[in-house]
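See structure below.
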Amino acid sequence: MQIHKNFSLKKYNTFGIEAKARQFVSVHSVDELITVLNENPTTKKFILGGGSNMLLTQDIDALVIHLDLKGKKIIDENDDFVWVESQAGENWHEFVIWTIDQNFGGLENLSLIPGNVGTTPIQNIGAYGVEIKDTFVLCEAIHSETQELMIFTNEKCKFGYRESIFKNEVKDEFIITSVVFKLTKKEHKLNTSYGAIETELEKQHITNPTLKDVSNAVISIRQSKLPDPKELGNSGSFFKNPVILKTDFEKIQQKFPEMPHYVVSETEVKVPAGWLIEQAGFKGKRFGDAGIHRNQALVLVNYGNATGQEILAVAKDIQATIQATFSISIETEVNII
Ligand code: EPU
């Protein structure tokens, strides 16, 4: 295992931001990870997965540990279900396709989400009416200081909308090394009620969709709206959709009657941040090499050489404008480093 010094992270973050790690090492097994942790007990550490949910606004003054743990397998099954385990460093989309190719159901709506398997529980990734909490059984994690191995069950993860224990109570304490999902082998519960999926399937004249059909529909929708990080640097949705009090929403609605919203509970509604950003006039705008995607206002993009600070400045401008226009505060979904 080679520890590199002053190492460029440009290829290790999907925003394609140039930033340097003071030290950088790739680990390929849990043993290698434990060795690195043991040999560098007092060094500040930063764990890097797929780099798909972070904005680097500065160099990282730490030992960056790139989790390149590979491997996926079936660990248990019965007539109806299968339990599959993936190591943290597997690419998420490739893992999803591997499950679909074996006719295992549950992850098809989450096709084409960038990033690695090990980071999916941190923000409980979700799309088109499905979140990983729906199929997640447990993950194994190592404490970065004591190296204690911990099992986090679904309940213990305290999943919420783009939330988990790993963003709150135990933030930066544990390194997730593998994840187990429980998937269906038959009688798959397809979730095609999300408007865009239905429309896409109808367009293709599919009335009795397979897992692969749903996955392909999701892939088409995502490709039409969301930029491919290989072509245009981005981190997916930059902001979370704000959840606001119903009473506040009713006041704002008097001024903006066409504002879309989804009821979350008796007292709360969720508003699409993409709509707010588009209404505020930011969609498709470009400030130097930083910009707002033209097909989906929730996605900030790097046209080439934007710095993290430049993208952050655009994000702050958007937040301030939304606050001033709608009296709604929007939080970032992406981690600002
Ligand atoms: N909208 C606009 N203008 C835009 C974008 C959206 O007006 O530029 C409005 C439309 O009214 C649309 C509504 O927002 O009906 C919802 O848009 P969309 O279905 O594209 O979903 P989203 O709320 O923008 C969320 C997730 C995505 C996920 C999609 C599909 C968050 C923060 N984002 O986006 O997740 O793929 O739903 O389920 O919850 C991600 O987290 O990185 C991500 C891409």
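The values are calculated or read from the model by the stated rules, or taken from the named source; none is laboratory data. The structure displayed is predicted, hence computed values, not measured ones. Here the Cβ positions follow ideal geometry from the backbone for every residue, glycine too, while neighbour counts run over all protein chains shown. When the accessible area is computed, the model is the full protein with side chains, heavy atoms only, and any ligands, DNA or RNA have been set aside. Shrake-Rupley method; radii C 1.70, N 1.55, O 1.52, S 1.80 Å.
For a paramagnetic label modelled on Ala320 (point 7 Å from Cα along Cα→Cβ), amide N atoms under 14 Å away are absent within the range 244-287.
Using a probe of 1.4 angstrom and keeping all protein chains present, the accessible surface of the chain works out to 48 square angstrom per residue.
Compactness of the chain is given as radius of gyration and Dmax, 20.5, 61 Å, from Cα positions. Sites listed here are trypsin sites (Lys or Arg not before Pro) in the range 227-293 whose DSSP assignment is loop and whose Cβ has at most 14 other Cβ atoms within 10 Å: Lys230. A Förster radius of 30 Å combined with the Cβ-Cβ distance from Tyr161 to Ser224 puts the calculated FRET efficiency at roughly 0.80.
Figure legend: label point modelled 7 angstrom from the Cα of Asn40 along Cα→Cβ; residues of the range 48-65 with amide N under 14 Å from it are 48-49, 60-65.
With a Förster radius of 30 Å applied to the beta-carbon distance between His28 and Asn6, the computed FRET efficiency rounds to 0.85. The range 254-317 and the range 127-164 have Cα centres spaced 28 Å apart. Extension gain for Asn335 to Glu94 (0.36 nm times residue separation, less C-alpha to C-alpha distance): 84.4 nm.
Over the range 4-67, what portion of Cα pair distances is larger than 20 Å, expressed as a whole percent? Distances greater than 20 Å cover 22 percent of the Cα pairs.
Here the chain is treated with +1 on each Lys and Arg Cβ and -1 on each Asp and Glu Cβ, and its dipole about the Cα centre works out to around 920 debye. Checking every one of the GluC sites (Glu not before Pro) in the range 295-336 against DSSP loop status and a limit of 15 other Cβ atoms within 10 Å picks out Glu331.
Here is how the number arises for the chain: DSSP H runs of 4 or more residues each give -39500 (n - 2.57), the sum is divided by the residue count, and the result at 222 nm is -7500 deg cm²/dmol. Normalising the average separation of contacting C-alpha pairs (under 8 angstrom, six or more residues apart) by the number of residues puts the relative contact order of the chain at 17 percent.
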